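The values are calculated or read from the model by the stated rules, or taken from the named source; none is laboratory data. It should be emphasised that the depicted structure is a prediction, and the values quoted were computed from it without experimental measurement. So basically every Cβ, Gly included, is an ideal-geometry build from the backbone, and we count neighbours across all protein chains shown. Accessible surface areas use protein heavy atoms only, side chains included; no ligands, DNA or RNA. Shrake-Rupley method; radii C 1.70, N 1.55, O 1.52, S 1.80 Å.
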Amino acid sequence: MKFMVTWRIHEDKRVEVLENWASLTPEQRREMAEGVTYIGRWHDMASLTGVLIVETSDAAALFRYLGQWNPALDIEVSPVLDDEESALVSGQIVADLGA
């Protein structure tokens, strides 16, 4: 299952988080917990918020990984579908509604 993770850096942690993030290599920035696959990450540098998309069948592994960032970030997690998956589910919903 794919998950969308959104975050906002705590105001009092902004410099610390930015310094930490800037010091990581590209490989380190893509590291996830075992069983969690990195798909992509996007950043809004003006608001210091962002979005991470990952895939995993182990939600506990994802939450353990995110727990490392909880002291500095407000985090929300939502399951999401890609275009093909959402098209399939849309057809199923329409069928269920008898439309």
Inter-label distance, nm, simple model (7 Å from Cα along the C-beta direction), Met1/Asp96: 1.4
Hey, got a sec? Which GluC sites (Glu not before Pro) in the range 1-83 land in a DSSP loop and have at most 10 other Cβ atoms within 10 Å? Glu34
On full extension of the chain, what length is gained from Asn70 through Ser23, given 0.36 nm per residue of separation minus the C-alpha to C-alpha distance? 15.0 nm
Ignoring ligands, DNA and RNA, what percent of the accessible area of the chain is carbon or sulfur (1.4 Å)? 54
Summing -39500 (n - 2.57) over every DSSP H run of at least 4 in the chain, dividing by its residue total and rounding to the nearest 500, the 222 nm mean residue ellipticity is -11000 deg cm²/dmol
List residues of the range 22-59, by number, whose backbone nitrogen lies under 11 Å from a label position 7 Å along Cα→C-beta of Ser78. none
Estimated FRET transfer efficiency when R0 is 30 angstrom, pair Thr37-Val15 (beta carbons, to 0.05): 0.45
When the chain is treated as a Gaussian network with springs between alpha carbons less than 10 Å apart, the largest mean-square fluctuation among Ala72, Ala22, Ala61 is found at Ala22
